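Comments concern the structure below.
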Amino acid sequence: MVAEPELQVPQMIHFAAMALVNLMGRSLEEIEEAISGLNEPKYRARQIYAGIYRRLLHSWDHFTDLGKQLREKLKEQFTIEHPPIRQVFVSRDGTRRYLFEVPPGQKIESVFIPEDRRDTVCISTQAGCAVGCLFCVTGKLGLRRNLTSGEIVGQVLALQSDRGTAAKRLNIVIMGMGEPLNNYDNVMKAIRLMTHKDGMSISPRRITLSTSGVAPGIRRLAKEEVIPNLAISLNATTDSVRDMLIPINRKWNIAALLETCRGFPLEQRRRITFEYVLIEGVNDSPEDARRLADLLQGLKKKINLIPLNADPWIPLKTPSWDRILDFEKILVDRCITVNIRRSRGDDVSAACGMLAGREEPAADAAIPPGPAR
Ligand code: SAH
Ligand code: SF4
């Protein structure tokens, strides 16, 4: 006797589940379009939109402002999926590193940094990164894939749900895994969702996008209706050093990058942040500090000095604190606003450049303890 093929029932269930449309990452207009077949009044889309992005709902049962019948209809066709949190690593300084898993089995990360007045959420835009900077652990992974707008904005919503934090308490920094301007459309859509008045309603002034210097992307960003703060990972003052550290410098060198920055529109009291990872013997000399001040002359700016977060994967060292403070002083003497970025969450691999989807809490390297500041 020939056995019945055994796949029918489970496969049908599987297909039925697959057919559900995930509304996470959809705009208000797209939600209107998606539910148009339900013959509901137009304001329903706005209620659903507010539920997803403002009230952080991700189960139809919790949409108490919609009738039970409508909820049942929605359940049959749609889901709202936050990216699933696989693990959370909590640092002794309170920083939390969230490890998510997105299909097909890619690990991505976000970091929640609690602060007095506002909390900062650092989100990823790609699984891995193609730029391959010499000093960055994410770059060692290569690019696995771009994240969708839903996966990008979903990181913020998932962290908010986990911490019970209101959107208005948040600063968003797009500085996690990936080069945001290499995933331009999805990142821009996520920014529009974050700033939309009917949803998260986060001011663009509270959002900072950091780029390794993709000049055409910066020019495109300059023409958007919603423009976040711009941070440029400069990290060197000569093309020969920058070519070595950030390979895309061969395409858009320091002069081309800064020319683009000079054309970037800045509203009143807004500035471009220049990030400068300090690496012993590579870019940390007094001449570098002076060249940096010269290069950025005339730009509305602030400089963030980031002492290299060392890691066994990276063949580079962190400068001594004396060297870091000497570098800072040269800039301060030139009347430049400069901060030395405290390393947060370094004991759980949550610090800048350390995001690699690691499932263990920490790398066995950290920057040397700094002086009391
Ligand atoms: N791809 C974007 C944003 C993610 S990287 C960019 O490069 O700007 C975020 C920041 O971490 C960048 O300023 C980068 O220069 C910095 N960074 C990367 N690796 C680092 C490390 N090992 N130590 C300190 N900062 C690092
Ligand atoms: Fe990519 Fe930024 Fe890391 Fe460079 S520093 S490899 S651009 S994530």
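If only residues of the range 137-169 that are at pLDDT below 95 and under 23 Å from residue 221 (Cβ atoms) are counted, the one that is nearest to ligand 2 (Cβ to nearest atom) is 139. Look at the range 171-182: where a residue is in a strand (DSSP E or B) and a partner is small (Gly, Ala, Ser) and near ligand 2 (Cβ under 9 Å from one of its atoms), sitting 6+ places away or on another chain with Cβ atoms under 8 Å, you get 173/210; 174/210. In this entry, residue 326 is excluded by the filter for residues that are loosely packed, with under 14 Cβ neighbours inside 10 Å, away from ligand 1 (no atom under 15 Å from the Cβ) and modelled with pLDDT of 95 or more. Pairs only if they're at least six apart or on different chains, beta carbon under 7 angstrom, first in the range 230-241 and farther than 26 Å from residue 173 by Cα, second assigned to a helix (DSSP H, G or I) and away from ligand 2 (no atom under 13 Å from the Cβ); list them, first residue then second. Pairs found: 239/254. When 170, 193, 230 are checked against the criterion of being touching a Leu at 6+ places or on another chain (Cβ under 8 Å) and of a type in the set (A, V, I, L, M), a single residue qualifies: 230.
Working only within the range 219-252, note down all residues that are within 14 Å of ligand 1 (Cβ to nearest atom) and basic (Lys, Arg). 242, the sole residue that qualifies. The residues on offer are 238, 260, and the sole one that is closer than 19 Å to residue 208 by Cβ and β-branched (Val, Ile, Thr) is 260. For the range 91-109, residues that are outside any strand (DSSP E or B) and closer than 21 Å to residue 344 by Cα total 5.
The values are calculated or read from the model by the stated rules, or taken from the named source; none is laboratory data. This one's a predicted model, so the numbers in the text were calculated from it and none came from an experiment. Note: ideal-geometry Cβ built from the backbone for every residue, glycine included; neighbour counts use all protein chains shown.
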